[in-house]
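Below is one structure, written out as structure tokens; comments come after it.
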Amino acid sequence: MQTDFILFTAAVLVPLVGSVIAGLGGRLMGDVLAQGVTLLCMTVASLCGFAALYDAWEAGFPHLTIRLAEWLHAGGFEATWALRFDTLSVSMTAMVLSVSLLVHFYSVGYMSHETMPTYRFFSYLSLFTFAMLMLASSNDLIQLFFGWEGVGLVSYLLIGYWYDRSSATTAAIKAFIVNRVADLFFIVGIGLVYVLFHSVQYDVIFAEVPQVLTASYTVCGVSFRMLEVVCFLLFVGAMGKSAQLFLHTWLPDAMEGPTPVSALIHAATMVTAGVFLMARMSPLLEYAPNTRIVVVIIGATTCFFAALVGMVQPDIKRTIAYSTCSQLGYMFAAIGVGAYQIAMFHLTTHAFFKALLFLSAGSVIHAMHDEQNMFRMGGLWKKLPLTYISMWAGSLALAGIFPFSGYWSKDAILGALWASGTTWSYYGWLLGTATAFVTAFYSWRLIFLVFHGRAADEHAFSQAHESPSVMTVPLLILSCGAAFVGFLLAPYYIGEHQSVFWNGAVFNAVGDKIMEQFDHVPTLIALLPSVAGLAGIALAVLFYIVSPSMPGALARSLSPLYIFCLKKWYFDELYDLIFVRPYAVLARFLWKRGDNTFVEGIPVEAARATRLSALGAIRLQTGSVAFYAFTMLAGLVVFLAIALCG
């Protein structure tokens, strides 16, 4: 297994090498050489990642730990820097590296017209990949949190890459702050894990779960099971990274960054971290049924909410961004019913078709000279044939149309929700099936608005052309992934070979048969998502091909509902009213009254008192000898009087 250790370690650490070299030496090397270094390192890391995955498959997917160094040692607490080698970490590593490698190559063409140096951008991309790999390969919660905060930091740098744009810097700050809110819950959850298990290492935690099932907290006379509290806190942390309802507001604004950044954030890094965390913590979640109900409710509601909002967005990238939010809701709904394998399967298939959709959108934006409003596009299928084909492949996978990859994973989620047989799982199935219809509708709305009809901007349309091969080749590779990954991986992730493939890397409680029942639902239930998807496509054809005037008429007749969805259910306005404005008022009060008046007033008043006392002392210095003699005599009299009276 020494070879496996070397390969897996190289897969995780080599992107960091590329990031450091490009970041620190980019000014001297120049953009071309810095790009070459990051591409070379990502290629080597990807080859090592796939080789490690193959070796793990040959060895029966063992559970091993690669110890790198001692990290923290404080009192009785120890944390080592180690890499966890199991199915969950190795498969996640291979997926992240493959998508990130294609994004790196694509970025060479996309950023070719950038006026500022790009070595910093490529350094950030590689650092982003490294942080996600550290998260995925972590052997304890401390190292996972290191990667967790790493992707948060680098996402801030990448979203705000164009720092001369106020919208980009505002979006970066928003993403950073919203994630810090969720991370507060995550930190408390990690602390309670240590209190409960006296360790943060996965193997120790998972082995001790049966011994703490009855442990509870009592707050104000009310008892809470400790596992429920811990799992709920970890889930709230995951909600922030994975943009679930109430903590989702940062995700659409993250579109202010360059399109390759959007692809990487939405496909392989950042937003997938929350789903990965829940799958890794499956031995705890299995014994926290109340938390799992909350997960199903939040996931299913997010799924439906984001689809409705995406249905009316005019911006091509924001439409795809809301589809990410929606698909993450599917994954969390699967987590909530204990179908962790299915959630990871959808995470993997989603990575390929979502990266494809974003990079295809980037090709359109590149061709239209940075135009992102779909209503100003049209007729581009002749100008961008490869991009058009790629967008079709990604949309078919997103809509869950057979045999594309989304069909295998999304239908499995809906089957698991139905098979679970609880009130809340039926709620998830109902919203998930409705979302399948809406998803197909807005996917083909995007295709028809962008590639069919007539462009509103004739000048931009006349100059539009297909992207260079360095951008289109990654699109074609991802198109193959969107078409075949689901079919190829289904037997291992959720099919007949799943027990051998996962080998205990995710945990299903004894007696939980969800992974055996999800594909044995009634035929009508199994077919309904595909029927809903085809119906959504048919409605989009009617609205945007057969009768293009219908969407506008419908929007006017349902104006309040249309505006409600266009304004994203007013979450931003609500948060601005509840949190941002009161905070600004409080900050202004503390600044003017607290800082300027009180804090700065102390030295000002002290200086004034010193000045007044000095002026009083000056008045005593008259220069008159008689006055000085009189003063001394008066003082002597007072002194003698005190002495005699004493």
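The values are calculated or read from the model by the stated rules, or taken from the named source; none is laboratory data. Small disclaimer: the values here were computed from a predicted structure and weren't measured. Ideal geometry is used to build each Cβ from the backbone, glycine not excepted, and the neighbour counts take in all protein chains shown. Ligands, DNA and RNA are stripped out before the accessible areas are found, and what is left, the full protein with its side chains, is counted by its heavy atoms. Shrake-Rupley method; radii C 1.70, N 1.55, O 1.52, S 1.80 Å.
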Where the only charges are on Cβ atoms (+1 Lys, Arg; -1 Asp, Glu), what is the dipole of segment 59-144 about its Cα centre, to the nearest 20 debye? 140 debye
Any chance you could give the angle, 0 to 90 degrees and rounded to 10, that helix 625-645 forms with the longest Cα principal axis of the chain? 90 degrees
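222 nm [θ] for the chain, helices only, -39500 (n - 2.57) per DSSP H run of 4+, per residue, to 500? Could the numbers behind the result be given before it?
Values: 29 runs with 458 residues, N = 646.
-23500 deg cm²/dmol, from helical runs alone.
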On C-alpha positions alone, give me the angle between the axis of helix 226-241 and the longest principal axis of the chain, in degrees, nearest 10. 80 degrees
Which sequence of Val44, Val261 reflects their accessible areas, 1.4 Å probe, from the largest down? Val44, Val261
Got a sec to turn the phi values of segment 524-534 into Karplus ³J(HN,Hα) couplings, 6.51 cos²θ - 1.76 cosθ + 1.60 with θ = phi - 60°, whole Hz, x for Gly and Pro? 4, 5, 5, 7, 4, x, 5, 5, 4, x, 5
For labels at Ile173 and Ala641 in the simple 7 Å Cα→Cβ model, what's the distance in nm? 6.6 nm
Sorting check: for 549-562, 140-153, which peptide has the highest mean count of neighbouring beta carbons within 10 Å, and how do the rest follow? 140-153, 549-562
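Would you work out if segment 52-188 is rounded, prolate or oblate? Take a ≥ b ≥ c from the square roots of the eigenvalues of the alpha-carbon gyration tensor; rounded if a/c is under 1.5, else prolate when a/b is larger than b/c, oblate otherwise. Walk me through the intermediate numbers first.
Numbers: a/c = 2.61, a/b = 1.38, b/c = 1.88.
Oblate, because a/c is 1.5 or more while a/b does not exceed b/c.
Where Lys and Arg each count +1 and Asp and Glu each count -1, what net charge lies around Ser363 among other residues with Cβ under 14 Å from its Cβ?
-1
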Quick one: grab the alpha carbon gyration tensor of segment 260-319, order the square roots of its eigenvalues as a ≥ b ≥ c, and give me rounded if a/c is under 1.5, else prolate or oblate depending on whether a/b is larger than b/c. oblate
Starting from the amide H of Phe224, placed 1.01 Å from N in the peptide plane, find each other amide H under 5 Å away whose residue is 5 or more places distant or on another chain. Tyr217, Thr218, Val219
Checking segment 410-515 for trypsin sites (Lys or Arg not before Pro) in a loop per DSSP with at most 16 other beta-carbon atoms within 10 Å yields Arg454, Lys513
Return the aspartates and glutamates within reach of Lys513: Cα separation strictly under 13 angstrom, same-chain partners fewer than 8 residues apart disregarded; answer none if there are no such residues. Glu286
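Which loop-located GluC sites (Glu not before Pro) does segment 431-506 contain, where loop means any DSSP state but H, G, I, E or B and the Cβ has at most 11 other Cβ atoms within 10 Å? Write down the numbers at each step before the final one.
On the way: sites: Glu458, Glu466, Glu496; in loops: Glu466, Glu496.
Answer in residue order: Glu496.
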Between beta-carbons, use under 12 Å as the cut-off and find the net charge around Val108, counting Lys and Arg +1, Asp and Glu -1. -2
Positive-pole candidate from Ala584, Ser155, Ala456, dipole of the chain, charges at beta carbon: Ala584
Average accessible surface area per residue within the chain, 1.4 Å rolling probe, Å²: 42 Å²
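How do His465, His459 stack up against each other in accessible area, from largest to smallest, with a 1.4 angstrom probe? Mind showing how you got there, number by number?
Values: His465 95, His459 120 Å².
Largest accessible area first, the residues go His459, His465.
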Taking the Cβ of Met311 as the centre, find all other residues whose Cβ is under 14 Å away and add up their charges (Lys, Arg: +1; Asp, Glu: -1). +3
Student exercise, the chain dipole from Lys, Arg, Asp, Glu Cβ charges, in Debye to nearest 20: 1680 debye
In order through segment 546-552: 3J(HN,Hα) via Karplus (6.51 cos²θ - 1.76 cosθ + 1.60), integer Hz, x for Gly, Pro: 6, 9, x, 7, 5, x, x
Once the Cα atoms of helix 2-29 and of the chain are each reduced to a long axis, what angle between those two axes, in degrees from 0 to 90 to the nearest 10, is obtained? 60 degrees
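Based on the mean of other beta carbon atoms within 10 Å per residue, what is the order of 393-399, 253-259, 592-598, most packed first? Working shown, then result.
Values: 393-399: 28.4, 253-259: 24.9, 592-598: 11.9.
My ranking of the peptides, most packed first, is 393-399, 253-259, 592-598.
Of the cross-linked pairs Lys174/Lys567; Lys317/Lys382; Lys354/Lys567; Lys174/Lys568; Lys354/Lys383, which ones have a Cα-Cα span greater than 19 Å in the structure shown?
Working: Lys174/Lys567 17 Å; Lys317/Lys382 21 Å; Lys354/Lys567 24 Å; Lys174/Lys568 16 Å; Lys354/Lys383 23 Å.
Result: Lys317/Lys382; Lys354/Lys567; Lys354/Lys383 exceed 19 Å.
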Using θ = phi - 60° and Karplus 6.51 cos²θ - 1.76 cosθ + 1.60, couplings along segment 397-404 (whole Hz; Gly, Pro as x): 5, 4, 6, x, 8, 5, x, 5
Out of Phe197, Thr170, Leu133, whose Cα points farthest toward the positive end of the dipole of segment 78-215 (charges: +1 Lys, Arg; -1 Asp, Glu; placed on Cβ)? Thr170
How do Leu356, Leu590, Leu157 stack up against each other in accessible area, from largest to smallest, with a 1.4 angstrom probe? Leu590, Leu157, Leu356
